[in-house]
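Have a look at the structure below before the remarks.
The values are calculated or read from the model by the stated rules, or taken from the named source; none is laboratory data. Here the structure is a predicted model, which is why all the values come from computation and not from measurement. All Cβ positions, even for glycine, are placed from backbone atoms using ideal geometry, and neighbour counts span all protein chains on display. Protein only, heavy atoms only, side chains kept; ligands, DNA and RNA dropped before computing areas. Shrake-Rupley method; radii C 1.70, N 1.55, O 1.52, S 1.80 Å.
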Amino acid sequence: MDVSINPVVKRICPLILLVIALFLATYTGAGATDATLKTIAIIPFETNSKKDLTFIQNGVLQMLRSRLMWKGQVQIMPRSRIDQALSGMSIPMTNQSVLAFGKKTGADYVITGGITEFSGAFSVDTKVYDLEKQIFLTFFSQAKDINAMITQVDVVAAKINKKIFERTTIAYEKFQKEKIITEEELRRMNPERMMPARRQRTDNDDPWWKLW
């Protein structure tokens with residue numbers, strides 16, 4: 001049986017094929033951005049205290065997860081996958097074991113740390129491992145109580161975002177503003193710090209007025 005094709009359909013079909021081709025090209029191109037997506041594995045922080053700090057440990061973990069997540073840029077590895085990868089590994093972890101953990105999980109960055117409590121005050125040590133460069137950066141914060149520690153963890157996350165991912169967050173801008181205010185108050189309390197002290201020059205000295 002002879003089946004004729006409507007002329008209108010003949011004109012529309014190439015357009016449909018063109019749209020499908022453009023869609024596939026766009027979809028494939030979007031997949032290429034996965035190469036720029038960075039993955040962070042956050043290992044539960046070690047605790048050092050006579051008290052049970054499990055709730056604080058979990059709180060720090062959740063704060064870092066929520067503040068470092070960056071849609072389309074940074075993803076956080078699921079806790080279940082991290083626990084599975086940690087199975088059989090010795091704790092505390094060494095630099096070499098962190099690298100091995102990173103290779104095992106495929107993470108781009110691994111975050112480890114420790115929480116120390118003494119007389120109600122807290123200190124938090126954080127390390128961010130760049131597995132490609134095989135280096136790590138340290139971030140340290142102290143807090144007089146649990147409420148202040150929440151603020152300090154927020155600052156640590158803001159510093160990591162800025163230092164590692166060049167991401168300026170509201171928390172980082174607030175931290176910078178408060179830092180400037182604190183420095184200005186210090187100068188007003190100690191006006192002698194506003195100008196460098198003059199000292200006797202030698203031939204190898206830089207000019208006394210040079211600011212450091």
Checklist entry - Going by the structure shown, is VAL110 of a type outside the set (Ser, Thr, Tyr), open to solvent by less than 50 Å² (accessible area, probe 1.4 Å) and touching a Leu at 6+ places or on another chain (Cβ under 7 Å)? => result yes
Checklist entry - Would a scan of the range 123-132 turn up a residue that is more than 30 Å from THR36 (Cα to Cα), in contact with a helix residue (DSSP H, G or I) (Cβ under 6 Å, 6 or more places away or on another chain) and not in a loop (DSSP other than H, G, I, E, B)? => result no
Checklist entry - Can you tell me how many residues in the range 152-174 are surrounded by fewer than 14 Cβ atoms within 10 Å (Cβ to Cβ) and either β-branched (Val, Ile, Thr) or not in a helix (DSSP H, G or I) (or both)? => result 3
